[in-house]
Structures are given as C-alpha cells and as structure tokens.
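Report on the structure given below.
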Amino acid sequence: MEATLPKPSLVVAPTARRAETIAYWVVTALFCLQMGFTAYAQLRLPQVADAFAHLGFPDYFRVQLSWAKLLGVGLLLAPVPARLKEWAYAGFAITLVSAIVAHVSVGDGPDAWGWAVGTGVLWALSYFFWRRLPKA
C-alpha cells in the first residue's frame, strides 16, 4: 500500500513551480503597469515634463525614455528570446538607478525618488522570479 502513495517531493515541486510562475506574472504585471504609466505620464502630462526640466534633462530625452520604456514593457510581456528580456531588464535597472541618482543629486526628497525605489523592488522581484522559471 505504501508504494501507491505519491512521494512528497514529486507533489511539492510542481506546486512550487506553479507558485513561482504565478508570482512572476503578478509582480511583472505590476512592474509593467508602473513603467507603462510613467511612460504615458512622461509623454502626456506637462507637470512630468516640468519635473524632467527640474532634473536638468532636455525635452527630447523625456520622449526617448518614454518610448524605450514602452518597448521594454513589450519585451517583458511578449514571448521573445531570453536575451531580449535580459536586455530589457538591464535597461530598466539603468533607468531606475539613474532616476534615483538624478533626484538625489538635485536635492529632491523621498517623495520624489521613493517611486523609483518602489518600482526597483518590483523590478528585482520580477527579475528574480524570471530567472527561476523553467527554460523552454
């Protein structure tokens, strides 16, 4: 009778993988929503354009960064080769660190750079779970 019972390790592994996959998609969706919203805000909201000017960036950089964010969101959500996703994650990491440095360097407080830190936590969780997904 003992031979017919499933081994716990065989039952736990698929459940853990499934939980990690769900966690990946939840965190990645939240991260992509945040990045997509910031891209939209950078393109459409005048107060965000003023914030870029406050940081000392030229107007064309704001537009370029917005489109790069939208491209990166598309790469994270689409079934593309792992190398492209890796580049998207790298680009987002550079963007988030640069945002924190820019805000701190002009003397902005946590109300300005806190969003970048929070988004960075979502980025780190998304990247962590993506690296743990089984490779096809």
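The values are calculated or read from the model by the stated rules, or taken from the named source; none is laboratory data. Note that the structure is a prediction, hence the values are computed from the model and not measured. Glycine gets a Cβ as well: all are built from the backbone with ideal geometry, and neighbour counts include every protein chain shown. Areas reflect the complete protein model, heavy atoms only, side chains present, ligands, DNA and RNA absent. Shrake-Rupley method; radii C 1.70, N 1.55, O 1.52, S 1.80 Å.
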Can you give the calculated 222 nm mean residue ellipticity of the chain, where each DSSP H run of n ≥ 4 adds -39,500 (n - 2.57) and the sum is split over every residue, rounded to the nearest 500 deg cm²/dmol? -29000 deg cm²/dmol
Candidates V97, V80, V26; GNM for the chain (alpha-carbon contacts under 10 Å) flags as most fluctuating V80
For the range 42-136, which whole percent of the accessible surface, found with a 1.4 angstrom probe, sits on carbon and sulfur atoms? 71 percent
Check every DSSP H run in the chain and write down those whose alpha carbon atoms cover 30 angstrom or more along the long axis and whose mean Kyte-Doolittle hydropathy is -0.5 or greater. 8-44, 82-105, 110-132
Mean separation of Cα contacts under 8 Å, 6 or more apart, over the residue count of the range 35-136: relative contact order %: 20 percent
Could you state the accessible area per residue of the chain in Å², with a 1.4 Å probe and every protein chain left in place? 66 Å²
Positive end of the dipole of the range 44-127, charges at C-beta (+1 Lys, Arg; -1 Asp, Glu), about the Cα centre: which of V63, A99, G109 has its Cα farthest in that direction? V63
Nearest-20 debye value, the range 35-136 charge dipole, Cβ charges on Lys, Arg, Asp, Glu: 600 debye
Using a Gaussian network for the chain with springs between C-alpha atoms less than 10 Å apart, which of these wobbles most: S66, S126, S105? S105
Listed residues F92, F52, F61; largest mean-square fluctuation, Gaussian network over the chain with Cα springs below 10 Å, found at F61
